[in-house]
1. When N is the residue count of the chain, what does its C-alpha Rg come to as a fraction of 2.2 N^0.38 Å?
2. Just how many % of Cα pairs in the stretch 108-173 lie over 15 Å apart, if you round to the nearest whole percent?
3. Only sites in a loop by DSSP and with at most 16 other Cβ atoms within 10 Å count here; which chymotrypsin sites (Phe, Trp or Tyr not before Pro) in the stretch 1-71 make the cut?
4. Under 5 Å between amide hydrogens, which residues at least 5 positions from THR133 or on another chain qualify, with H placed 1.01 Å from N in the peptide plane?
5. Under 5 Å between amide hydrogens, which residues at least 5 positions from THR141 or on another chain qualify, with H placed 1.01 Å from N in the peptide plane?
6. Taking square-rooted eigenvalues a ≥ b ≥ c of the alpha carbon gyration tensor, is the stretch 1-102 rounded, prolate or oblate, where a/c under 1.5 means rounded and, failing that, a/b exceeding b/c means prolate?
7. Determine ³J(HN,Hα), in whole Hz, for all residues of the stretch 147-158 in sequence, where each value follows from phi through the Karplus function 6.51 cos²θ - 1.76 cosθ + 1.60 and θ = phi - 60°; x replaces Gly and Pro.
8. Roughly to the nearest percent, how much of the accessible area of the stretch 1-88 is carbon and sulfur, given a 1.4 Å probe?
Amino acid sequence: MKIVVISGSPRKQAVTQVMMKFVYDYAKSKNAETKFINLSDGMVDCYKGYDVTYSDTTTQAAKDIMDADVWLVGTPIYNSFFSAALKNLFEYVNYKSTAGKTAGLAILASGQIGFTDVQTLLTQLMSYFRVITNPKAVFMTVEQIKDGIIDEAGKARLRELVDETLLLASRPK
């Protein structure tokens, strides 16, 4: 089973990447075939259509997503939406090659509002790709991550997200 972990924040000092690096390390301890796409690295080109040549890094990121059986997607909440950088990344993904994959979602906010709105939007995006989404998303606030360290409750919830998403992915097809 191949896993891709996606940190959906474009910000260089993103707290989302702390959360998703933890998810990546935990998923990698469960499965060596785990890759990490960190959008704060600024590696994904702006999507301009099918007839454009994109960088090798962008093409590889899209390939890693389409090749993976499991997507663990983390995003910050920006103005009641998931990040535009994350949406841009999914512009490269061919929905015809993603049916039956499984996704787990982790959503980070600066406050206690907007989680279910963003979960709904991400779930709709996953539905477009015919991806089965773990219904138990993780919602975290920046207060749970201090100086690059996630609190114990947050770590437990993220581990549970990975475990339950991998279990869901291993179901008979």
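The values are calculated or read from the model by the stated rules, or taken from the named source; none is laboratory data. This is a predicted model, so every value here is computed, not measured. Note: ideal-geometry Cβ built from the backbone for every residue, glycine included; neighbour counts use all protein chains shown. With ligands, DNA and RNA removed, areas are computed over all heavy atoms of the protein, side chains included. Shrake-Rupley method; radii C 1.70, N 1.55, O 1.52, S 1.80 Å.
1. Working: Rg = 14.9 Å, N = 173, 2.2 N^0.38 = 15.6 Å.
Rounded to two decimals, the normalised Rg is 0.96.
2. Summing the P(r) of the stretch 108-173 above 15 Å gives 61 percent of all pairs.
3. Details: sites: PHE22, TYR24, TYR26, PHE36, TYR47, TYR50, TYR54, TRP71; in loops: TYR47, TYR50, TYR54.
For chymotrypsin sites (Phe, Trp or Tyr not before Pro) across the stretch 1-71 that sit outside H, G, I, E and B with at most 16 neighbouring Cβ atoms in 10 Å, the list reads TYR47, TYR50, TYR54.
4. For THR133, whose amide H was placed from the backbone, the distant partners under 5 Å are ALA103.
5. Those lying under 5 Å, H to H, from THR141 are ALA109.
6. Note, shape of the stretch 1-102 comes out oblate.
7. 6, x, 10, 7, 5, 4, 5, x, 4, 4, 5, 5
8. 52
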